[in-house]
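What follows is one structure encoded as structure tokens, with my remarks underneath.
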Amino acid sequence: MRRLILSLVLMLCCGAVAAEQVTSGPAKTAATTPAPAKPAAKPTAKKPAPPKQPPARDLFGAATSPAPLETRSIGSYAKGCLAGGIALPINGPDWQVMRLSRNRNWGTPQLLDYLERLASDARALDGWPGLLVGDMSQPRGGPMLTGHTSHQVGLDADIWLTPMPDRILTPQEREDMSAMSMLKDPFSVDPAIFTTMQMKLIRRAASYPQVARIFVHPAIKKALCEHAGEIGKDTAWLGKVRPWWNHHYHFHIRLVCPPGWDSCENQKEVSGDNGCGQELTNWYAMIKKAAIASASATPVPPGTKPWTGKPPLTMAQLPRECGTVLTAGGFVPPALGDDKPEAVLKAMAAKDAGPPLPVLTPDQAKALTASKADKTAAAAAADTAAMPLPDRNPVR
């Protein structure tokens, strides 16, 4: 009887607990329900890509006449343009302009005055027969289609190191005639070609105060450093003559910005040294490396797209005023996809002004590489021998 009573009590208790769990279940479930998801963000609309534009070199190369504006150099030598350019006459008493098809005999009045004086002084004072003038600037300056990174503001000019003939050259001769290289190999001048006459011409060109720099091949710079004393005691002019790639058949003149032309950006002034020390040593290391690489380079397979260097400048990368210079006087530059104008085709078809650089044979490059390795090892051994012995009782 007792067992029956206990069983009934237990049944009543368990039923109450079960009822409590069922009634409390929905509340607990509601407490753990996740919050409703946020609506998905609307995709951001992409800005339309700006329309593609022709390279600035195509635009400036198509202009055959100067911008009818007040003369000014705008921007830097390698990123700028020329307003109000003036053409150097193709024939003068002491000069002739070469490669007329390129239409690059334009510059500032200051550059033209300088070239006319240089030509006259070099003939009267140094016996130079006359200047063969290479590229100056395009009619409106700006980037060029071929041959140069600078020459953009009407303050640069290339002068051949070949003496001017004693007659007026025909237009075809000016297109076909090649300047003479001054080099007998990648590292030295040919003394039969590069004589005191060329040295005097470069000295004369560097002697004027408006000259910022004269660029020549490192081998020419080396010859000038070694023989400058033979053409005069004053060698201060050497500091303006700086080495640069590919200037083996001409030298490149660069003038400073004329006073008061705030739109023109000068290059940093040259240092006070003559450039015949460590700078020249560094250049020789570079041209030796380049000569070895050129001699041992694997031929490019047919159909391979050649490496073209940095992308060409666009109008957006030039000073804003260059847009005004380009379209001044109603000139309409070609649009992307248009056929190239005749002026562009002529400039692109013009022959190089001079011969290519001398190239080492594979055997010469191999010998030079071995010699370089031997010198490096010898220098390392000499440095080791010269090291002081360690102090056995160092002071701490």
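The values are calculated or read from the model by the stated rules, or taken from the named source; none is laboratory data. The shown structure was predicted, so the numbers you read here are calculated from the model rather than taken from an experiment. When we count neighbours, we look across all protein chains shown, and the Cβ atoms used for this are built from the backbone with ideal geometry, even at glycine.
Take the residues in region 298-324 that are over 23 Å from the mean Cα position of the chain (by Cα) and loosely packed, with under 10 Cβ neighbours inside 10 Å; name whichever of them is modelled with the lowest pLDDT. Break it down into steps so the answer makes sense when it comes.
Within region 298-324, the subset over 23 Å from the mean Cα position of the chain (by Cα) is 298-304, 324.
Next, from what is left, pick out any that are loosely packed, with under 10 Cβ neighbours inside 10 Å: 298-299, 301-304.
Numbers: 298: 62, 299: 60, 301: 59, 302: 56, 303: 53, 304: 50.
The selected residue is 304.
Please tell me if residue 204 is under 19 Å from residue 252 (Cα atoms) and over 26 Å from the mean Cα position of the chain (by Cα). The answer is yes for residue 204. Scanning region 192-209 for residues that are touching a residue at least 12 places away in the same chain (Cβ under 8 Å), surrounded by fewer than 17 Cβ atoms within 10 Å (Cβ to Cβ) and outside any helix (DSSP H, G or I) gives 193, 207, 208. When the criteria are applied in full, residue 327 fails the requirement of being part of a loop (DSSP other than H, G, I, E, B) and either modelled with pLDDT of 95 or more or β-branched (Val, Ile, Thr) (or both). Scanning for something more than 19 Å from the chain's Cα centre (by Cα), more than 23 Å from residue 219 (Cα to Cα) and either crowded, with 16+ Cβ neighbours inside 10 Å or modelled with pLDDT under 95 (or both), does region 265-281 turn up at least one residue? No, region 265-281 contains no residue that is more than 19 Å from the chain's Cα centre (by Cα), more than 23 Å from residue 219 (Cα to Cα) and either crowded, with 16+ Cβ neighbours inside 10 Å or modelled with pLDDT under 95 (or both).
Going residue by residue through region 369-377, is there one that turns out to be surrounded by 10 or more Cβ atoms within 10 Å (Cβ to Cβ), at pLDDT below 85 and part of a loop (DSSP other than H, G, I, E, B)? No; the residues of region 369-377 include none that is surrounded by 10 or more Cβ atoms within 10 Å (Cβ to Cβ), at pLDDT below 85 and part of a loop (DSSP other than H, G, I, E, B).
Taking region 218-240 as the range and being more than 15 Å from residue 128 (Cβ to Cβ), out of contact with any Leu (no Cβ under 7 Å at 6 or more places or on another chain) and not small (Gly, Ala, Ser) as the test, the residues that pass are 220, 226, 227, 230, 233, 234, 235, 237, 240.
The C-beta contact set for region 134-146 (first residue touching a residue at least 12 places away in the same chain (Cβ under 8 Å) and under 20 Å from residue 319 (Cβ atoms), second residue hydroxyl-bearing (Ser, Thr, Tyr) and part of a loop (DSSP other than H, G, I, E, B), distance under 6 angstrom, 6+ apart or interchain) comprises 139/65.
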